[in-house]
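For reference, the structure discussed in these notes is given below.
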Amino acid sequence: MLIKRLRSLRMKEKLTQAQMAEKIGVARTTYAMYEQGKREPDNETLAKIADYFGVTTDYLLGRTDEPVQPKHVQVGVSNEDYHSLSPYQKEVLDFMLASETLAFHDQPEDLLEALEDFEVYYEVWKKRRNKDK
């Protein structure tokens with residue numbers, strides 16, 4: 001199951017084996033062997049792969065059919081775009097996605113464009129929250 005899921009997830013993200021290998025810190029030949037079933041990733045590498053694709057290691061290993069994708073993927077923001085954000089931008093985006101009142105679903109361009117403007121709102125919210133403590 002691992003072989004199929006690795007290839008499927010990589011192809012879905014439109015990555016080459018070399019690009020995927022670079023993202024998880026292994027040689028291209030090593031990653032190719034994972035997809036060919038000639039080698040299995042160690043636990044740390046398996047976790048890196050799962051984290052990159054936003055799935056669980058259980059999903060990669062075939063123990064479940066539920067990939068459990070993070071909210072940014074569910075609303076159409078690719079893992080590539082998400083991973084290119086700064087830690088602060090990720091924090092703001094995650095806050096935006098957790099907010100029940102915002103309606104950005106299925107509009108990833110609007111969501112990413114709104115991120116900069118939303119940072120101001122996020123800072124005000126954090127200050128108010130800290131004041132209430």
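The values are calculated or read from the model by the stated rules, or taken from the named source; none is laboratory data. For clarity, every value in this text was computed on a predicted model and none was experimentally measured. With ideal geometry, Cβ positions are generated from the backbone for all residues, glycine too; neighbour counts draw on all protein chains shown.
A compact table of results
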read-out: Pair list, Cβ under 8 Å, 6 or more apart: region 83-105 residue closer than 14 Å to residue 73 by Cα and at pLDDT below 75, other residue among the hydrophobic types (A, V, I, L, M, F, W, C) and outside any loop (DSSP other than H, G, I, E, B); value: 104/96; 104/97; 104/111; 104/114
read-out: Region 14-35, subset surrounded by fewer than 17 Cβ atoms within 10 Å (Cβ to Cβ) and of a type in the set (D, E, K, R), residue nearest to residue 54 (Cα to Cα); value: 14
read-out: Verdict on residue 26 being outside any helix (DSSP H, G or I) and either under 30 Å from residue 119 (Cα atoms) or touching a Gly at 6+ places or on another chain (Cβ under 8 Å) (or both); value: no
read-out: Residue check for residue 38: surrounded by 14 or more Cβ atoms within 10 Å (Cβ to Cβ) and among the basic types (Lys, Arg); value: no
read-out: Scope region 34-92; condition of a type in the set (Val, Ile, Thr) and in a helix (DSSP H, G or I); matching residues; value: 45, 49, 57, 73, 92
read-out: Close pairs (6 angstrom Cβ cut-off, 6 or more residues apart or separate chains): within 19 Å of residue 80 (Cβ to Cβ) in region 39-64, basic (Lys, Arg) and surrounded by 16 or more Cβ atoms within 10 Å (Cβ to Cβ) anywhere; value: 52/23; 60/5
